[in-house]
Amino acid sequence: MKLNLIPKPNKLEELGGVRNLNDGELTLRRDETIPAEGYRLMLTADVALLEFSTDAGAFYGKQTLRQLRREDGTVPLVKIEDAPEFAWRGFMIDSSRHIQTLDEIKAFIEAAASFKCNVFHWHFCDDPGWRMESERYPLLNSVGSWRDGWGFNNPNPERYGGYFTKAQIRDLVQFCADRFITVVPEFDIPGHSSAVIKSYPWLSCTEEEVDVTTNAGVFSNVLCAGKDETFAFCEGVLEEIMELFPGKYIHIGGDEVPKDHWKACPKCQARIKAEGLKDAEELQGYFTKRIAAFLRSHGKTPIGWNEVLDAGMLPQDVVAAKWHDRRNLCDPFANAGGRIIMEETSNVYLDYDYRTTPLKKTYSYDLLPDSLTEEGKKNVLGVEAPIWTEWVETFDRMCYMCFPRLAAMAEVGWTKRERKDYEDFKRRIEAHRDALAALGVKMAPQSDWDPA
Ligand SMILES: [Zn+2]
């Protein structure tokens with residue numbers, strides 16, 4: 001009987017035969033020589049031993065053991081020595097455009113944890129709605145969490161919205177911590193801010209009323225970078241975010257920021273002049289740097305979508321998420337010492353249908369392209385797959401889009417390149433279908449994975 005482990009362990013020896021393994025029979029032992037997140041699992045007729053140096057490593061060893069266990073309760077005899085290739089194996093959920101329930105998000109996280117993913121990037125605010133409870137800025141919830149219609153571009157006229165309470169968020173963060181998943185909250189600024197500006201119109205350059213959007217796209221309402229009040233607001237929100245999310249990383253967006261309002265705004269123009277900036281592009285550089293400095297003063301590491309590199313003035317400690325690197329700035333950034341996360345539209349945007357991004361394309365994602373120097377390759381933190389929800393209205397649809405492609409991404413992030421094998425992956429992941437379904441996660445049928 002073949003093993004169905006995902007991600008495939010980096011060193012595995014099948015000894016032949018099986019044994020029973022009852023609760024309490026597994027010996028746990030700490031060994032500081034084992035890498036962080038790594039584990040050694042030895043199952044022989046006489047020995048059942050799991051070794052690790054960190055609690056995360058113990059968790060991953062147990063996940064492997066769970067996947068090894070057969071229906072009759074036996075486990076195959078194996079020697080496994082395993083540790084991830086990349087420290088960052090993430091997934092992003094967009095809860096702004098369409099909202100999931102807390103239980104749905106937990107089911108998704110449970111599935112992702114079973115494949116040893118370790119980062120949940122939560123995109124909880126965007127033009128179509130604000131989803132985090134704010135006590136300091138309550139209009140974000142009473143106004144910014146609601147829009148006139150669900151669905152996109154041709155919305156159903158029912159009012160749509162809601163948000164996650166602080167109690168729910170704390171519960172979710174703990175749920176993730178129990179599975180060694182760090183939650184990275186994203187406060188997407190200064191663009192994608194229609195819901196924020198609807199709540200507090202004085203944050204924009206024009207101070208005009210806008211709608212919480214019901215269209216997909218990029219909108220010209222952005223936060224005014226000329227007003228100090230904007231920074232005070234952003235810092236206030238970030239303080240609330242930091243109270244809820246204890247992780248080291250905070251994502252500050254920075255993607256798709258149209259500059260037309262900034263070009264026409266006297267306050268933005270005054271800022272450009274006062275700071276000696278060249279243009280509106282550099283004003284975004286200033287914005288990112290100022291927010292990054294605030295986060296750094298709180299011991300946090302900022303992450304931004306790759307547009308934060310456009311102004312060419314980013315401090316190296318800001319991590320860049322490579323999603324659509326039009327100007328080809330991520331590779332030189334990494335080669336010069338900056339850290340990047342690989343999440344390109346071409347391979348891991350899981351809202352793209354299987355015709356655009358077949359499973360094989362996700363599985364073949366090369367995280368260390370030749371455009372990186374040896375130094376640059378060391379600065380690739382890992383991989384992350386976003387699921388954007390303009391066209392993903394239900395949880396079943398989300399699971400269809402993400403499974404098995406998220407499992408493929410998990411193997412890309414964990415398993416050494418030379419150990420990967422696509423045909424074998426397809427066989428192994430199919431064996432997980434029932435276990436995923438038991439979590440409420442329905443995987444796409446095999447016939448849809450690689451359309452002709
Ligand atoms: Zn302005």
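In the list 397, 419, 427, 433, which residue meets the criterion of being surrounded by fewer than 23 Cβ atoms within 10 Å (Cβ to Cβ), more than 21 Å from residue 322 (Cα to Cα), basic (Lys, Arg) and within 22 Å of the chain's Cα centre (by Cα)?
Being surrounded by fewer than 23 Cβ atoms within 10 Å (Cβ to Cβ), more than 21 Å from residue 322 (Cα to Cα), basic (Lys, Arg) and within 22 Å of the chain's Cα centre (by Cα) holds for just one of 397, 419, 427, 433, which is 397.
Can you pull out every residue in segment 281-305 that is surrounded by 22 or more Cβ atoms within 10 Å (Cβ to Cβ), over 25 Å from the mean Cα position of the chain (by Cα) and without any contact (Cβ under 8 Å) to a residue 40 or more places away in the chain?
none
Given 225, 232, which one is among the small types (Gly, Ala, Ser) and either more than 16 Å from the ligand (Cβ to nearest atom) or loosely packed, with under 15 Cβ neighbours inside 10 Å (or both)?
Step by step, each of 225, 232 is checked, and only 232 is among the small types (Gly, Ala, Ser) and either more than 16 Å from the ligand (Cβ to nearest atom) or loosely packed, with under 15 Cβ neighbours inside 10 Å (or both).
For segment 67-86, indicate whether the set of residues that are in contact with a Ser or Thr (Cβ under 9 Å, 6 or more places away or on another chain) and without any contact (Cβ under 8 Å) to a residue 60 or more places away in the chain is non-empty.
No, because not a single residue in segment 67-86 is in contact with a Ser or Thr (Cβ under 9 Å, 6 or more places away or on another chain) and without any contact (Cβ under 8 Å) to a residue 60 or more places away in the chain.
Which condition breaks for residue 215 when tested against (1) within 12 Å of the ligand (Cβ to nearest atom); (2) under 25 Å from the mean Cα position of the chain (by Cα)?
(1)
Those residues that are assigned to a loop (DSSP other than H, G, I, E, B), among the aliphatic types (A, V, I, L, M) and more than 16 Å from the ligand (Cβ to nearest atom), I need them from segment 266-314; list them, please.
If we filter segment 266-314 for residues that are assigned to a loop (DSSP other than H, G, I, E, B), which is where we start, we get 275-279, 298-300, 310-314.
Narrowing further to those that are among the aliphatic types (A, V, I, L, M): 277, 311, 313-314.
Within segment 266-314, 311, 313, 314 qualify.
Does residue 236 meet the test of being among the small types (Gly, Ala, Ser) and either farther than 24 Å from residue 391 by Cα or in a helix (DSSP H, G or I) (or both)?
yes
Going residue by residue through segment 89-103, is there one that turns out to be among the aromatic types (Phe, Trp, Tyr) and under 15 Å from the mean Cα position of the chain (by Cα)?
Yes, that holds for at least one residue.
All but one of (1) modelled with pLDDT of 95 or more; (2) not in a helix (DSSP H, G or I) hold for residue 347; which doesn't?
(2)
Identify all residues within segment 286-306 that are farther than 23 Å from residue 183 by Cβ and in contact with a helix residue (DSSP H, G or I) (Cβ under 8 Å, 6 or more places away or on another chain); write none if there are none.
286, 290
Could you go through segment 200-207 and let me know if any residue there is assigned to a helix (DSSP H, G or I), more than 12 Å from the ligand (Cβ to nearest atom), of a type outside the set (Ser, Thr, Tyr) and more than 22 Å from residue 104 (Cβ to Cβ). Quick ask: steps written out before the conclusion?
So in segment 200-207, the residues assigned to a helix (DSSP H, G or I) come out as 201-203.
Next cut, more than 12 Å from the ligand (Cβ to nearest atom) only: 201.
Retained after the next criterion (residues that are of a type outside the set (Ser, Thr, Tyr)): 201.
Subsequent filtering for residues that are more than 22 Å from residue 104 (Cβ to Cβ) retains 201.
Yes, segment 200-207 contains at least one residue that is assigned to a helix (DSSP H, G or I), more than 12 Å from the ligand (Cβ to nearest atom), of a type outside the set (Ser, Thr, Tyr) and more than 22 Å from residue 104 (Cβ to Cβ).
Has segment 389-398 got any residue that is closer than 18 Å to residue 349 by Cβ and either outside any loop (DSSP other than H, G, I, E, B) or free of Cβ contacts under 8 Å to residues at least 12 places away in the same chain (or both)?
Scanning segment 389-398, I find at least one residue that is closer than 18 Å to residue 349 by Cβ and either outside any loop (DSSP other than H, G, I, E, B) or free of Cβ contacts under 8 Å to residues at least 12 places away in the same chain (or both), so the answer is yes.
Within segment 242-265, work out how many residues are part of a helix (DSSP H, G or I) and under 28 Å from residue 325 (Cα atoms).
Result for segment 242-265: 5.
Mind checking which residues of segment 174-188 are crowded, with 19+ Cβ neighbours inside 10 Å and either assigned to a helix (DSSP H, G or I) or under 10 Å from the mean Cα position of the chain (by Cα) (or both)?
Passing the criteria: 176, 183, 184, 185, 186.
The values are calculated or read from the model by the stated rules, or taken from the named source; none is laboratory data. Owing to the predicted nature of the structure, the values given are computational and were not obtained by experimental measurement. Note that each Cβ is placed from the backbone with ideal geometry, even for glycine, and that neighbours are counted across all protein chains shown.
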